[in-house]
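Take a look at the structure set out below.
A short reminder: the numbers here are calculations on the coordinates, not readings from a lab. Keep in mind that this is a model prediction, so the values were computed, not measured. Methodologically, a virtual Cβ is constructed for each residue, glycine included, from the backbone with ideal geometry; neighbour enumeration extends over all protein chains shown.
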Amino acid sequence: MRAVDAIMECLKAEGVDVVFGYPGGANLPTYDAFVDAGIHHVLVRHEAGAGHAAEGYAKATGKVGVAFGTSGPGATNLVTPIMDAMMDSVPVVFFTGQVRTELLGTDGFQEADTIGLTMPAVKHSFLITDPRELPRTIHEAFHIAGTGRPGPVVIDLPQDLSKVDIPYEPITDVHLPGYQPRTTGNQKQIRQAARALASARRPVIYAGGGVVLGNASEELRALVREGGFPITCTLMGLGAYPAPDPQWLGMLGMHGTRAANYAMDEADLICAIGARFDDRITGKLSEFAPRAKFIHIDVDPAEISKNIPAHIPIVGDAKQILPRLTDEYRALEADRPRLDAWWQRIRTWQERHPLAYEPAQDGGIKPQSVIEAIYTVTGGEAIICSDVGQHQMWSAQYYHYPEPRRWINSGGLGTMGFGLPAAIGAQMGDPERTTVVVTGDGSIQMNIQELATIRQENLPVKVVVLNNGYLGMVRQWQELFWQERYSHVEMNTYGGEDAFPDFVKLADAYGIRGLRLTNAETLEDDLRAAFAAEGPAFIDVRVTRNEKVYPMIAPGEAARDMVG
Amino acid sequence: MVDTNELLSLDELEAAGNIRTGRKHVLSILVENKPGVLTRVSGLFTRRGFNIDTLSVGPTDDERVSRITLTLDGALHPIDQVVKQLHKLVNVLKIKDLEPTETVARELALFKVSVDGPTRSEIRELAEVFRGKVVDIGKRSIIVEITGERSKIEAFERLVRPYGLVEMIRTGEVAISRGRDET
């Protein structure tokens, strides 16, 4: 069969039912195969949209996402989602077309060295030189993308090789001598960790995106409840532990709660699970959690002791390790100190410094209140796909995620333009659930063309723009750290306060119902009506212009010096 | 409030470990013999800000496997990090940070020295002392091949430089661990 038809067979064998992509000269044979393949191909309007949609699909479902692009510019447009998937450990297989082998290296039309361009951004990549290798390569690509610490894998396929006849046989085994992820965790170290947890007087559990990726949320809950531990999650870990729970301290880090950051600061033991001590978490590294010993559980050994030396390292899969840790801990019941004094101290911080904002004086809509309204209207049951900026942090602070995979954002790379296409993938992966894009007037304009994809696929995605006419987060930094020297952050200088473009008209042009909300008093009802209506909606909410994200640890400062 | 615009002094950079002057490391890396593998390995060093001192690659007794010998300077901790990151590369099979005292390391160098009548024999004598080999003799130049430890090659360089060193080329070290265990 043609190599391209074998690709389709391989995808079906991997359980793929939807892919995202964009055709072009170099992948025309592949697109010919889509005609008869019986795989749902979603035509995006920009390859970045394909990549982010595949990420959104992977994040919502836990399955491997798939994106297709052609050679040259198609492939370079995929570089951002590839890097994004790398930073957030998202399992995605990217297929790029390549020019004919005889043109390779000649600066041929639409030629780019895709393998070279993407090398620092992939978990692994393959350039196909023998089409008979395709079935094995695809199976190995899915295996690499989805196991261990997940990540992006690129398969670059020259146009001429994609057309030849190859024998097709399903591949089910894997031969990768250099790729053997460790998953089980060392029992001695697990026992040591249990002892440390049982003797700690001020312990904190610090969970990250790895718990979500590893589907270890239930196992995490069991440990936290067994020990009565305080728990905080990273931006990527939101939902790993149910937010509406008394043991939950809120998110930690740069825009985390004071309770979470102060608890880390005073902790004598921190148990990090699938979290990597990012600089947005630690602030000034030398003053981070100065009294604590660290247990570090991670499937990627390179994360352990990368930023913070681990006293007890455990390499492996959280889903396998956590139940064993909980069992070992349970066996030590008699020796545990009580955590009452520690909780008392934490409760004081929580009472003194709740997450809060001043209501608007002039009847305007506060952006935080929009997130609260979305939470109320959806009952916490929606998938929130955020873009990058202030609205992202407010979505992390004021929407209380009860389950994993309900919070989808670009955490590591911080890619503006991520939210809308990610929502396409999330909605297709979990069609019964309400999918909401929370975005800003800056972010949405980075990939707004994907509204056409939403229309074409008739996806009931609800887009909420927190429109303040500014690149709000950059403005906040210029205000706080650059002496209010505002440089190129105002998005609507033409026409003053009348934010432009007119998003309602723009939505209309894409055939999507657009509406503008300006009334704080009717905000919740307006949102409820918009969400209840069938099909997609684009909701332009005019919010107060100068709001800042607080609290905040300034870059390079320590947790105890939080401001706001 | 912190001023993020503040410039760090060179001393502060050094204290923060951004300027490295650690001990020399010899990494022996077994990799799959496939196209692009060397780029993946060397690219990882670039990305982490390491300067590779020497690098040599060659086949092993197994045609599917190549060995990369790589030397670099660095403080101990970041080397650990590089080794762990290297392990993540799918084509990397095995890595060893070789202990200098437990390792046999050799390098090959070719020296082209300018000579006239009387100095030609002096260079030949020097080469003999260093167990080197004269591999080419011309009217005004001579090429000597020296194999050995770095210090030996560097010593020979110091000796012949005053004669007029036209050029010199070194392979970079290859290394193997002592004893019966595989490197």
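A compact table of results
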item: DSSP-defined antiparallel bridges as percent of all bridges, region A:23-174, nearest 5; result: 0 percent
item: Burial ordering of A:His400, A:His391, A:His488, A:His46, fewest other beta-carbon atoms within 10 Å first; result: A:His488, A:His400, A:His46, A:His391
item: In nm, spacing of pseudo-spin labels at B:Thr46 and A:Asp508 (7 Å Cα→C-beta vector); result: 5.1 nm
item: In degrees, nearest ten, helix B:117-129 long axis to first principal axis of chain B (Cα); result: 50 degrees
item: Contact order normalised by residue count of chain B, Cα under 8 Å, 6+ apart, percent; result: 24 percent
item: Karplus (6.51, -1.76, 1.60) ³J(HN,Hα), θ = phi - 60°, over region A:283-298, in Hz, Gly and Pro reported as x; result: x, 5, 4, 5, 10, 7, 6, x, 9, 9, 9, 10, 9, 10, 9, 7
item: Volume per residue of the C-alpha convex hull in the protein assembly as shown, rounded to whole Å³; result: 202 Å³
item: Over chain B: helical MRE at 222 nm, DSSP H runs n ≥ 4 each giving -39500 (n - 2.57), nearest 500; result: -9500 deg cm²/dmol
item: Amide H within-cut-off set for A:Val42, under 5 Å, with H built and near neighbours excluded; result: A:Val19, A:Phe20, A:Gly21
item: Kirkwood hydrodynamic radius of region A:491-564, from inverse mean 1/r over distinct Cα pairs, in Å; result: 15.2 Å
item: Unit charges on C-beta of K, R, D, E only; dipole of the protein assembly as shown, Debye; result: 1920 debye
item: Computed FRET value (nearest 0.05) for A:Arg195 with A:Arg291, which takes r as the C-beta separation and R₀ as 22 Å; result: 0.75
item: Cβ neighbours within 10 Å from other chains - mean over B:29-42; result: 2
item: Placed amide H near A:Lys293: partners under 5 Å, 5+ positions off or other chain; result: A:Leu269, A:Ile270
item: Peptide-level mean, for B:78-89, of C-beta atoms on other protein chains within 10 Å; result: 4
item: Rounded if a/c under 1.5, otherwise prolate or oblate - region B:132-183, Cα gyration tensor axes; result: prolate
item: Degrees between helix B:37-47 axis and first principal axis of chain B (Cα, 0 to 90, nearest 10); result: 70 degrees
item: Considering only the protein assembly as shown, percent of DSSP beta bridges that pair antiparallel, nearest 5; result: 40 percent
item: Exposed-site-free run, longest, chain A (rule: GluC sites (Glu not before Pro); DSSP loop; at most 12 other C-beta within 10 Å); result: A:1-380
item: Two-site FRET efficiency, A:Arg182 against A:Glu524, from Cβ-Cβ distance with R₀ of 60 Å, rounded to 0.05; result: 0.75
item: Vicinal HN-Hα couplings computed from phi for region A:360-371 (Karplus, 6.51 cos²θ - 1.76 cosθ + 1.60; Hz; Gly/Pro x); result: 5, 7, 9, x, x, 9, 7, x, 4, 5, 5, 4
item: J(HN,Hα) series, region A:311-328, from Karplus relation 6.51 cos²θ - 1.76 cosθ + 1.60, nearest Hz, glycine and proline x; result: 6, 10, x, 10, 8, x, 7, 4, 5, 7, 7, 4, x, 5, 5, 4, 4, 4
item: At R0 = 60 Å, FRET efficiency that the Cβ-Cβ distance of B:Lys94 and A:Glu534 yields, to 0.05; result: 0.55
item: Point-to-point label distance, B:Leu108-B:Asn33, nm (Cα→Cβ direction, 7 Å offset); result: 1.8 nm
item: Set A:Lys462/A:Lys548; A:Lys123/B:Lys94; A:Lys319/A:Lys462 screened for pairs whose C-alpha atoms are more than 22 Å apart; result: A:Lys462/A:Lys548; A:Lys319/A:Lys462
item: Nearest 10 degrees, 0 to 90: helix B:150-164 Cα axis against chain B principal axis; result: 50 degrees
item: Length-normalised contact order for chain A - Cα pairs under 8 Å, 6+ apart - percent; result: 14 percent
item: Cα→Cβ-extended label distance, 7 Å offset, between B:Asp62 and A:Trp482, nm; result: 5.4 nm
